[in-house]
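Structure record follows, encoded as structure tokens.
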Amino acid sequence: MSCSSKLLATVVSKKIIKPSSPTPSTHSLHKLSLVDQGFSNLFMPLAFFYPKKLVDTISGGPKQISELLENSLSKTLTCYYPWAGSSIDNATIHCNDNGAELLEVQINSTMDNVVNNPDSSIKDSVFPQGLSWRDYADGALTVAQLSRFDCGGIAISACLSHQVGDACSALFFFKNWAALTHQDPINSQVLSPYFVRDSLTPSSLSDGPLDYPLIVSSKKEERIQKRFIISASKIRALKALVATKSGVQNPTTSEVVSALIYICAATNLGGSSFPHSQLVHISNIRKLISPLLPPTSIGNILTIFSTPIYKNQKDLRLPKLVADIRKSKNEHSSRDNLKENEWASEMLSAYRTGEEMFHQRNCDVYYCSSVTSMPFQDLDFGWGKPSRATLGSGPFSKFFQLMSTHDGGIEVFVNLEEKYMSSFEHDNYLLQFATPVGQHVFHEDECTGTTN
């Protein structure tokens, strides 16, 4: 399982992929909403691992896979044309068909060593170098990579500009790319995206767009990411514990897992004192908007909801915290999340005061983003579903991401300052339910294509 902290990733080729058809002049300018502007110049990094036994089902081998992905990406960009454009400023994307970058990379490691390595920088080798969640400032708004491993497996990844859309938007992009690669009329139905642009949360600023970046701390942080697996059986145990002691009916996976991670982080980061803190959930509001949006709506259609600010460590008990999360979620579900968008309000406050977001709350703010309801594990490009999907290391500390695994569990991506991570990852309460990646090893035949 050992793997060098510096993998040799050799770029075999780098191409610019243009949309297969030109974008109509009527769609040349893509106006960004206030929420879009707050995400500024960040990428969303997603990757999918396919073992050798699946790759070997393609008769043309590696060359055929490269050609399939290149052609299908070109067709996908015709539908998702803002991701093939370029930023004019933080308010507008010029849909000029500049195209996306597509790299082909050879990684001198087996897929198993990358997937199961506890060092997240090893996992991040499947993303275009230096782009995992980071600022792009200039250049392509989509950068994709086909990574080949020594064992014969591959990874397909893409870093997509967060200005254009959120994780749900990214899912539609990947589903269309996979369907167009599949070349199967039954399984290749492509649904046209609907770009909401600035129609939902238009900018109210008279002096231009938001300055960026707003959501990334200006403080110098030596942050790292650690990953943990919480199995389906442990999730059931957490839910049973919460349901018995909190009165919350049918606690969700995101509720119990985010509460567990937050408790263990907040109680370990304070040392001898307990800093005031709060948990903020990033929430997809597509189903809360009336009238309902088209099912393939693309944009940052998001808000946030927050727990109370906790001032005493004794308040951080799992049943109470889940009850607080549920109460906040219900309140958020009952309000007009376009007119009262808490995320947009925080962005405006930061812009007007010149402070970082949430500065006025005077507490440590922890963020949770969950994609557990999004079937990233089902992306079939024509050679089967991935053995693993993953996210790149996060853009700031005190940030948790939740993603479903193929066996009903949850992978948790925890981003903290390095000086706090050691106490967090050895927390006894955490380890009752979560297993660090590296100790939780997926079956080798899933990762490398070997058989028992």
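The values are calculated or read from the model by the stated rules, or taken from the named source; none is laboratory data. These numbers were taken from a predicted model, which means no experiment stands behind them. Using ideal geometry, Cβ is built from the backbone for each residue, glycine included, and neighbour counts are taken over all protein chains shown. Heads up: the accessible areas ignore ligands, DNA and RNA and are worked out on the full protein's heavy atoms, side chains in. Shrake-Rupley method; radii C 1.70, N 1.55, O 1.52, S 1.80 Å.
For the structure I just gave you, tell me whether ASP124 is surrounded by fewer than 20 Cβ atoms within 10 Å (Cβ to Cβ) and of a type outside the set (Val, Ile, Thr). Explain how you work it out, then say what you get.
Numbers: surrounded by fewer than 20 Cβ atoms within 10 Å (Cβ to Cβ): no; of a type outside the set (Val, Ile, Thr): yes.
No; evaluated as a whole, the condition is false for this residue.
Within region 271-296, take every residue that is over 23 Å from the mean Cα position of the chain (by Cα) and touching a residue at least 24 places away in the same chain (Cβ under 8 Å) and give me the one that is most open to solvent (accessible area, probe 1.4 Å).
Ranking the qualifying residues of region 271-296, first place goes to HIS276.
THR267 versus (1) surrounded by fewer than 24 Cβ atoms within 10 Å (Cβ to Cβ); (2) touching a helix residue (DSSP H, G or I) at 6+ places or on another chain (Cβ under 7 Å); (3) under 30 Å from SER161 (Cβ atoms): which is the lone unmet condition?
So the condition that THR267 fails would be (3).
Can you name every residue in region 414-427 that is in a strand (DSSP E or B) and crowded, with 19+ Cβ neighbours inside 10 Å?
Looking only at region 414-427, we keep the residues that are in a strand (DSSP E or B), and these are 414-417.
Residues satisfying the conditions are VAL414, ASN415, LEU416.
Which pairs have Cβ atoms under 6 Å, sit 6 or more apart or on different chains, and link a residue in region 318-343 that is over 24 Å from SER246 (Cβ atoms) to one that is part of a loop (DSSP other than H, G, I, E, B)?
The qualifying pairs are ASN337/ILE285; LEU338/LEU200; ASN341/THR201.
Which members of region 92-112 meet the condition of being in contact with a helix residue (DSSP H, G or I) (Cβ under 7 Å, 6 or more places away or on another chain) and either modelled with pLDDT under 90 or under 23 Å from PRO436 (Cβ atoms) (or both)? Steps first, please.
If we filter region 92-112 for residues that are in contact with a helix residue (DSSP H, G or I) (Cβ under 7 Å, 6 or more places away or on another chain), which is where we start, we get 93, 95, 97-100, 102, 104, 107, 110-112.
ILE107, THR110, MET111, ASP112, listed by residue number.
Regarding PRO82, is this residue buried (at least 17 other Cβ atoms within 10 Å of the Cβ), touching a residue at least 24 places away in the same chain (Cβ under 8 Å) and touching a Ser or Thr at 6+ places or on another chain (Cβ under 6 Å)? Steps first, please.
On the way: buried (at least 17 other Cβ atoms within 10 Å of the Cβ): yes; touching a residue at least 24 places away in the same chain (Cβ under 8 Å): yes; touching a Ser or Thr at 6+ places or on another chain (Cβ under 6 Å): no.
Answer is no for this residue.
Go through (1) touching a strand residue (DSSP E or B) at 6+ places or on another chain (Cβ under 9 Å); (2) aliphatic (A, V, I, L, M); (3) over 19 Å from LEU416 (Cα atoms) for LEU292 and report which single condition fails.
So LEU292 meets the others, but not (1).
Looking at (1) aliphatic (A, V, I, L, M); (2) without any contact (Cβ under 8 Å) to a residue 12 or more places away in the chain; (3) open to solvent by less than 20 Å² (accessible area, probe 1.4 Å), find the lone condition where ALA240 falls short.
So ALA240 meets the others, but not (3).
Would you mention how many residues in region 257-296 are touching a Phe, Trp or Tyr at 6+ places or on another chain (Cβ under 9 Å), in a loop (DSSP other than H, G, I, E, B) and not aromatic (Phe, Trp, Tyr)? It would help to see each step written out before you state the result.
Within region 257-296, the first condition is being touching a Phe, Trp or Tyr at 6+ places or on another chain (Cβ under 9 Å), and the residues that meet it are 257-258, 260-269, 274, 276-283, 293-296.
Keeping just the survivors that are in a loop (DSSP other than H, G, I, E, B) gives 269, 274, 276, 293-296.
Narrowing further to those that are not aromatic (Phe, Trp, Tyr): 269, 276, 293-296.
Adding up the residues that qualify gives 6.
List pairs: first in region 248-262 and closer than 13 Å to SER369 by Cα, second open to solvent by 10 Å² or more (accessible area, probe 1.4 Å) and among the charged types (D, E, K, R), Cβ under 7 Å, 6+ apart or cross-chain?
The qualifying pairs are GLU255/ARG326.
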